[in-house]
Amino acid sequence: MIIRILGEGQYAVDDAHAEQLNALDAQLESAVEAGDEASFRSALTQMLATVREVGQSLPDDALQPSDAAVPGDDATLDEVKDLLVGSGEGLIPG
C-alpha cells in the first residue's frame with residue numbers, strides 16, 4: 001500500500017504491516033476521541049516512525065495514488081480529529 005505522510009512524501013509499505021499500522025491507528029483514534037494529548041502524541045509518533053521504518057520512501061516525482069494519508073509530526077489533535085470525522089475507519093484502510 002502507498003501511505004502519504006502529509007507534508008513529507010509517500011512510502012510504499014508492504015501489506016504485511018497492515019495489522020501493526022491498524023493497531024497504531026486504533027490507538028491514535030482512541031486518543032483523539034478522548035482528547036488525550038499525551039496519548040495522541042505518542043500514537044502519532046509511533047505511527048510515523050513505523051511507516052518510515054517499514055516503508056520505502058518514493059521519489060518526489062512519483063505520481064502514485066495514496067491508499068492512506070497520515071498527518072505529519074507537527075499535526076495537532078484538532079487537525080487529526082478533523083481528518084477522522086466521517087472517515088468511519090481511521091487513517092489506515094483495513
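The values are calculated or read from the model by the stated rules, or taken from the named source; none is laboratory data. All values reported here derive from a predicted model rather than from experimental measurement. So basically every Cβ, Gly included, is an ideal-geometry build from the backbone, and we count neighbours across all protein chains shown.
Below, the figures for the structure above:
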| read-out | value |
| --- | --- |
| Subset of the range 58-73 [in contact (Cβ under 8 Å) with a residue 40 or more places away in the chain and more than 15 Å from ASP14 (Cβ to Cβ)] | ASP60, ALA62, PRO65, SER66, ALA69, VAL70, PRO71, GLY72 |
| Residue that is buried (at least 18 other Cβ atoms within 10 Å of the Cβ), part of a loop (DSSP other than H, G, I, E, B), touching a Leu at 6+ places or on another chain (Cβ under 9 Å) and in contact (Cβ under 8 Å) with a residue 12 or more places away in the chain, where the choices are ILE3, ILE92 | ILE92 |
| Set GLY35, GLY72: member being surrounded by fewer than 18 Cβ atoms within 10 Å (Cβ to Cβ), on the phi > 0 side of the Ramachandran plot and either touching a Phe, Trp or Tyr at 6+ places or on another chain (Cβ under 7 Å) or at pLDDT 90 or above (or both) | GLY35 |
| Single condition LEU63 does not satisfy, out of (1) surrounded by 14 or more Cβ atoms within 10 Å (Cβ to Cβ); (2) modelled with pLDDT under 95 | (1) |
| Evaluation of TYR11 against (1) surrounded by fewer than 17 Cβ atoms within 10 Å (Cβ to Cβ); (2) modelled with pLDDT of 95 or more; (3) not charged (D, E, K, R) (one fails), failing number | (1) |
| The range 25-57: number of residues that are touching a residue at least 60 places away in the same chain (Cβ under 8 Å) and either assigned to a loop (DSSP other than H, G, I, E, B) or of a type in the set (A, V, I, L, M) (or both) | 2 |
| Which listed residue is at pLDDT 95 or above, surrounded by 15 or more Cβ atoms within 10 Å (Cβ to Cβ) and either of a type outside the set (Val, Ile, Thr) or farther than 20 Å from GLN10 by Cα (or both), from GLN46, GLN27 | GLN46 |
